[in-house]
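Report on the structure given below.
The values are calculated or read from the model by the stated rules, or taken from the named source; none is laboratory data. Predicted model only: the values in this text are computed from it and were never measured. Ideal geometry is used to build each Cβ from the backbone, glycine not excepted, and the neighbour counts take in all protein chains shown. Areas reflect the complete protein model, heavy atoms only, side chains present, ligands, DNA and RNA absent. Shrake-Rupley method; radii C 1.70, N 1.55, O 1.52, S 1.80 Å.
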Amino acid sequence: MIAVKEIKAGIQIAEDLVTRQDTPQAHKVALTRIPKGKPVIRYGVVLGYAMEDIEKGDWINEFMLELPTPPSVDHMTYGTNIVTDLPKAPRTTFMGYRNTNGGYAGTRNILGISVQLYSV
């Protein structure tokens, strides 16, 4: 489970789940006991392997996990199937401003972010 906001130790967050430590916002709480060496899975993806037993309700953090070896990019489709014969861009300029220190030009971005939070 992902903590939408900080959860203090001893809080019942589900019918049979109580936090065992203070859990910072956006961190994970173990839904079941995870034995040493077993995978820690979030949204169907293995985040790592438990370095020690993790009890149900424990705060799970990066210091508790042995991270999996990342795959080599040398043989991945995205790393080997590179298209270099690209069409000519229909426009080669943009509305930006010169960087007085040289280097890349700047732009003025207007960015809107909408976040919907759910609490437990």
ask   = Of all residues in region 1-15, which are over 24 Å from residue 45 (Cα atoms) and not basic (Lys, Arg)?
value = 9, 10, 11, 12, 15
task = Provide a single number: the residues in region 63-75 that are at pLDDT 75 or above and part of a loop (DSSP other than H, G, I, E, B).
result = 8
Subset tally (residues that are in contact (Cβ under 8 Å) with a residue 24 or more places away in the chain and in a loop (DSSP other than H, G, I, E, B)) for region 1-32 = 14
query = Which of the residues that make up region 33-62 are of a type outside the set (Asp, Glu), assigned to a loop (DSSP other than H, G, I, E, B) and either touching a helix residue (DSSP H, G or I) at 6+ places or on another chain (Cβ under 9 Å) or under 18 Å from residue 3 (Cβ atoms) (or both)?
reply = 43, 51, 56, 57, 61
ask   = Name the pairs: first residue in region 58-86 and more than 21 Å from residue 26 (Cβ to Cβ) and open to solvent by less than 100 Å² (accessible area, probe 1.4 Å), second residue among the charged types (D, E, K, R) and part of a strand (DSSP E or B), Cβ to Cβ under 6 Å, at least 6 apart or on different chains?
value = none
